[in-house]
Each structure stands twice: as C-alpha cells, then as structure tokens.
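**Q** So that we are looking at the same thing, I have put the structure below in structure tokens.
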Amino acid sequence: MIIACATNDFIHLSCDHFGDASHYQLFEIDPNQIQMLETIENTSLDEYEIHHHKALHILDLFREHGVNAVMNQAFGKNIKTIVSKTIPILTKIETIDSALRILKDHLNDILIEQYKNKQFYINLSKENGVIIHEI
C-alpha cells in the first residue's frame, strides 16, 4: 500500500487541511516494512483558488504514483472527493514515523476493507489503533 503523508517539515503531519500542506511524502507499507519512496511538492497551493479543483489536481498527482491512501491531522470539505479516489486516514498522531508504525500494525485490517471495494475513511490513534468508518 502506498500512503501520501501531508507535511510542512518532513517530520510531522500537517495540522492544516490536507490540500494546504507544502509537501507530500510517499511511503510504501507492507506487513514487514515501511519504505520512503519520494517527496512531492504541492504545486496546487498557488495554482487553484477553488478547493475542489485543488483536490482533483492533488489526486491526479497521486494517481500517477499509485497512491492508495492519504494521511493527515485534518481534512476539509473535499474529503468527499478524496474518499471517492483513495482512503483518507485522519489522525492526531503528530509524527509521520509514529503514525506509519501504528498503521503498519493494522495493515491487514485496512487491506480487508479495501478488498470489499467500499468507500471508507480511517481514524488512527495510539489508544485505539485503526477505526474504520464506512461511508
């Protein structure tokens, strides 16, 4: 599974809406490892005034890289657009590394839900792990 993490400092997940992050770090996660793939600059910050167009632009960037899920501390109203194309993961865990390690521990649960071909989003926390919400 390839996950795009919204960040402004390459250590922490962004506290702003997903589309307002300066960069996205792409990671590949499997049950055995987490591998950093690349960093993508968010070029939509200055290009799009309409949030829906910005969301579509970002999702197009991710499609080119095979992104299955996106993770951040906040999403805006475009989460409806995001959930139609990928799996949004909402968390209050601050660091990318910590969030990815918890996600890796629950990867099989996520893959089972993804296989069902339903739209859903995930709440990720240190206390509860993964909570899946169907839409």
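Any read-out appearing in this document is the output of simple, stated calculations on the displayed coordinates, not a laboratory observation. What you are looking at is a predicted structure, and each value in this text was computed from that prediction instead of being measured. All Cβ positions, even for glycine, are placed from backbone atoms using ideal geometry, and neighbour counts span all protein chains on display.
**Q** At 0.36 nm per residue, and after removing the present C-alpha to C-alpha distance, how many nm does the segment from Ile102 to Gln33 gain when stretched out fully?
**A** 23.6 nm
**Q** At 1.306 mPa s and 10 °C, plugging the Kirkwood radius over alpha-carbon pairs of the range 88-134 into Stokes-Einstein gives what diffusion coefficient in µm²/s?
**A** It comes out at roughly 147 µm²/s.
**Q** Check each of the trypsin sites (Lys or Arg not before Pro) in the range 31-128 and keep only those in coil by DSSP with at most 14 other C-beta atoms within 10 angstrom; list them in order.
**A** Those that pass, being in a loop and sparsely packed, are Lys77, Lys92, Lys116, Lys118, Lys126.
**Q** Compute a Gaussian network model of the chain, connecting alpha carbons closer than 10 Å, and tell me which residue from Ser14, Ser84, Ser22 fluctuates the most.
**A** Maximum fluctuation in the GNM of the chain, among the listed residues, is at Ser84.
**Q** Right, here's the next one. Note the angle between two axes, namely the Cα long axis of helix 51-64 and the longest principal axis of the Cα atoms of the chain, as a number of degrees from 0 to 90, rounded to the nearest 10.
**A** Approximately 60 degrees, to the nearest ten.
**Q** At Glu94 and Phe120, where each label point lies 7 Å from the Cα along Cα→Cβ, what is the point-to-point distance in nanometres?
**A** 3.0
**Q** Please list, or write none, the lysines whose alpha carbon is within less than 24 Å of the alpha carbon of Lys54, excluding same-chain residues fewer than 8 places away.
**A** Cross-link targets: Lys77, Lys80, Lys85, Lys92.
**Q** Can you list the equivalent-ellipsoid semi-axes of the range 2-134, largest first and in whole Å, using the square root of 5 times each Cα gyration tensor eigenvalue?
**A** Numbers: eigenvalues 93, 53, 38 Å².
Three semi-axes, in Å: 22, 16, 14.
**Q** Specify the angular offset, from 0 to 90 degrees and rounded to the nearest 10, of the alpha carbon long axis of helix 96-105 from the longest principal axis of the alpha carbons in the chain.
**A** In the chain, helix 96-105 runs at an angle near 40 degrees to the longest axis.
**Q** Still on this structure, please answer the following. With both partners inside the range 2-134, how many of the DSSP beta bridges are antiparallel, as a percent to the nearest 5? Present the calculation step by step, with values, prior to reporting the outcome.
**A** Values: 22 of 32 bridges.
Percent antiparallel among DSSP bridges in the range 2-134 is about 70.
**Q** Remind me, relative contact order of the range 2-134 in percent, using alpha carbon pairs under 8 angstrom and six or more residues apart?
**A** Reported relative contact order: 24 percent.
**Q** Taking loop as defined by DSSP and a crowding limit of 14 other beta carbons within 10 Å, which GluC sites (Glu not before Pro) in the range 72-135 fit?
**A** Answer by residue number: Glu94, Glu127.
**Q** Give me the one-decimal nm value for the distance between modelled label points at Asn8 and Glu134, 7 Å along each residue's Cα-to-Cβ direction.
**A** 3.8
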